[in-house]
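Student: A single structure is presented below for examination.
The values are calculated or read from the model by the stated rules, or taken from the named source; none is laboratory data. Note that this is a predicted model, so its numbers are computed, not measured. Don't worry about glycine lacking a Cβ; one is built from the backbone with ideal geometry, like all the others, and counts go over all protein chains shown.
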Amino acid sequence: MWFAYPRLGDHMMFQFRLPTLGFIVGTRAALAFGAGLLAAERIPESTRRPLAMALIGLGIATTIPAARAILRQRVREAEFRPAADVLPAW
């Protein structure tokens with residue numbers, strides 16, 4: 001069998017702290033913005049190409065750490081706690 005359907009109650013959920021979520025979103029945004037710069041024509045190529053390549057390189061270089069951060073944050077559905085339970089009680 002190529003794949004298996006998860007059993008009821010066997011779903012994986014993810015809980016991210018704000019800095020981790022910001023890291024993941026920021027690195028994906030850098031990769032996308034760099035790719036967009038390569039396609040743009042309003043900025044002169046002598047300026048656009050090095051900046052785009054630097055952003056793409058940053059996005060590629062941070063892909064593995066971002067994936068590891070995602071995999072570290074997964075929890076089983078039974079272990080999932082809503083955000084209100086995670087926040088400290090003031």
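Student: Residue check: is THR20 touching a residue at least 40 places away in the same chain (Cβ under 8 Å) and part of a helix (DSSP H, G or I)?
Tutor: Working: touching a residue at least 40 places away in the same chain (Cβ under 8 Å): yes; part of a helix (DSSP H, G or I): yes.
Yes, satisfied.
Student: How many of the residues making up the stretch 26-44 are modelled with pLDDT under 90 and of a type in the set (D, E, K, R)?
Tutor: Residues meeting the conditions: 2.
Student: Further question on the same structure: Out of LEU71, LEU8, LEU58, LEU87, I need the residue that is at pLDDT 90 or above and not basic (Lys, Arg). Which one?
Tutor: Result of the check over LEU71, LEU8, LEU58, LEU87: LEU58.
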